[in-house]
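Below you'll find the structure, written out as structure tokens, and then a few comments.
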Amino acid sequence: MNLGDSAFLCLDIGSSAVHGVAHRVRAARIVKSAMFASESFDTVVAIKSVIDELESQIGRHFDYAYITGNFGQSDFKICGKSTIWSNEHKINASDIKNQISKIVTPDGFFPMHIIPLRYDSPHMHNMLSPIGHVDNQLLSTYACIFYNVSSMEEIASQLRHAHIQPIGFYDSQFVLNAAYHTPHEITMYIDFGAQYTTASIWSDRGPLWHYKTPMGGTNITQSITDEFNIPFIDADRIKRAVFTMVPTPTDRFTPADIAFDFSRADVNDIVVPYMHDIIEDIKLAALPIIEKHQPARIIITGGCADTDDVTDFVSNTFGLPCESMHGDAVVRALGEYIWNSCAVERAKIIARNDKNAKRIDYILKMFHRKPKKRHTFVPILPSSMCFDMNNPTTYTTFDAAGISMIHIDIMDGLYVNKIAGSIEQIRAIRSRTTAHLHVHLMTESPNAWASDAIAAGADTVIVSTNTSGVKNAIRTIKSSGRRAGIALNPDASPTILKPILRELDEVMVMTVTPGAAGQEFMPACLHKISILAATRKKYGLKFTISVDGGINDKNAQMCWDAGADLLVSGSYLARSNDFPVAVQSLLKKQ
Ligand code: DX5
Ligand code: ZN
């Protein structure tokens, strides 16, 4: 990959939706990221619309494309290979290549991943790498994931039609494991696709089991279509709206959809047994491996992994903890995998660039010239609620005051009475500035809002206490590489954060009741800043402490003194006659 100036694209191509993640790279750093999904059974159309949208968000054509997704039927084998030398032999890379070349690929299949599970020799057992070891025999065990050639050709032709040239194909379970595997743990993955449900079990070394069953969301929709004799598209919509693994008695009397006369229970009578069948099928196939290797947890992804009921159902069926990483986890995981695979190269470039910058400073100093003044970070975040974010001059004013983070308030009319901000607004602000977007969700269902906010361009997402699904939301945010935080309402104590504090990048102390700008600062909340700062120090944690609500030049210093790192300010900054001066008045006084 060209780490100088380039853009790369990762696609997860499913039969009912295509998910994409794109990154723009400059000087070995990601300078812009974007995510987009398009739902369509016409894969070429979906791929094209994802590419168009992401190219326009990223601002240039893609140089590289990496692909994962539904590559059709797969096969999995664990193969042993042995090489014997007549004398002592120093094992080298070509010996390994030689062994790999002797692995027999089943007819009509293509080897996508060949992963060494262990290497042994008569004198050394269980080597991490045998290269350089001197012995007269090498016994290796490889895990091989194969894909059906005709399905691969089908996906290659779809990519050709969408005018994209892929440079790498990855199995979805492979990339999930690269992102979610915890060292020394056996992990199981289940990805609920439209056409297939795929499952695998991985150890630190590689896959112990990989399985694909041709049952998925599309079959379920088809059964609804057949049963009620309704169009596929309606069946799909109804399935999404109604599906639950724990139906309630009133479902019998609740219509599934206003356009049709069958009930929610009628729909679930089809969906639930099908889901049972899928999961039982996987359980039956996985049982010997589960008994032998005892996975610590199951991670579910894909179409119906967003329903909490499915997580509980999987957990109960297998008797193992289960976490959902949601529908777009695979593409996010691929993006991370690709980026991480050039970590060494990146570190070298960054170190070289830093060295050059230092050299230039040094030369400038020798000539008694002042080095160019570096931009100092201004820890003040203007709040979107109080500014006209559609007006370009707002952004020039922010720039003039050195603002690099903008706080965007989103209110859904449920968590708080008011409706303000929107995903659309985040997208619009993103298109106008490269500033860090600090999104404050005052919404129910933070998880759903969080993924939309990220797709729209949020860099930090703060979710509110007293909402359901906070943990899931934090996970969603973190797994997409964004900063995750929790807003602590005035009536909430910092102790409620204890179980999750380690996972947070930020705690935002609310010094007004969320719901409106222009309220008065509550000094009673100051001690929470101090408690959080002390806890952070005591346990060596790293989260940032921000403060939001009623901040002005009278109380800002109290917040800094208590241990704040960032201050959000709305009305005070918006009402001032001179914005840069007002920002300065909020800064820490030594
Ligand atoms: C309050 C919001 C705040 C608000 C800040 O619900 O979360 O971000 O916009 O505005 P002021 O500084 O006026 O309280
Ligand atoms: Zn706010």
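The values are calculated or read from the model by the stated rules, or taken from the named source; none is laboratory data. From a predicted model like this one, the values you see are computed outputs, not experimental measurements. No Cβ is skipped: glycine too gets one built from the backbone with ideal geometry, and neighbour counts run over all protein chains shown. Calculation scope for accessible area: heavy atoms of the full protein, side chains included, ligands and nucleic acids excluded. Shrake-Rupley method; radii C 1.70, N 1.55, O 1.52, S 1.80 Å.
Would you call I289 touching a Leu at 6+ places or on another chain (Cβ under 7 Å), surrounded by 15 or more Cβ atoms within 10 Å (Cβ to Cβ) and of a type in the set (A, V, I, L, M)?
The answer is yes for I289.
Output the residues belonging to region 201-231 that are without any contact (Cβ under 8 Å) to a residue 60 or more places away in the chain and within 21 Å of F71 (Cβ to Cβ).
W202, N219
Collect the residues in region 1-23 that are open to solvent by 40 Å² or more (accessible area, probe 1.4 Å) and under 21 Å from the mean Cα position of the chain (by Cα), keeping them in residue-number order.
Selection gives H19 alone.
Within the set of pairs 6+ apart or on separate chains, which have a first residue in region 511-535 that is in contact (Cβ under 8 Å) with a residue 60 or more places away in the chain, a second that is more than 14 Å from ligand 2 (Cβ to nearest atom), and C-beta atoms under 7 Å apart?
Pairs that qualify, where the first residue is in contact (Cβ under 8 Å) with a residue 60 or more places away in the chain and the partner is more than 14 Å from ligand 2 (Cβ to nearest atom), are G515/N417.
Only one of I298, I410, I380, I406 is within 16 Å of ligand 2 (Cβ to nearest atom) and in contact with a Pro (Cβ under 9 Å, 6 or more places away or on another chain); which?
I406
Only one of A435, A453 is at pLDDT 95 or above and in contact with a strand residue (DSSP E or B) (Cβ under 6 Å, 6 or more places away or on another chain); which?
Every option except A453 fails the conditions.
Just to check your reading of the model, which residue among N340, N417 is open to solvent by 40 Å² or more (accessible area, probe 1.4 Å), within 16 Å of ligand 1 (Cβ to nearest atom) and touching a residue at least 60 places away in the same chain (Cβ under 8 Å)?
N417
Of V512, V568, V547, which residue is under 17 Å from T465 (Cβ atoms), in contact with a Cys (Cβ under 6 Å, 6 or more places away or on another chain) and within 16 Å of ligand 2 (Cβ to nearest atom)?
V547
What do you reckon, is T244 among the hydroxyl-bearing types (S, T, Y), at pLDDT below 95 and part of a helix (DSSP H, G or I)?
Here the answer is no, as T244 does not meet what is asked.
Would you pick out the residues in region 472-493 that are open to solvent by 20 Å² or more (accessible area, probe 1.4 Å), in a helix (DSSP H, G or I) and more than 11 Å from S445 (Cα to Cα)?
R475, K478
Could you grab me the full set of residues in region 530-554 that are crowded, with 20+ Cβ neighbours inside 10 Å and either away from ligand 1 (no atom under 16 Å from the Cβ) or assigned to a loop (DSSP other than H, G, I, E, B) (or both)?
Within region 530-554, L532, F543, G549, G550, I551 meet the criteria.
So, in region 485-505, how many residues would count as being within 15 Å of ligand 2 (Cβ to nearest atom), free of Cβ contacts under 8 Å to residues at least 60 places away in the same chain and under 27 Å from the mean Cα position of the chain (by Cα)?
3
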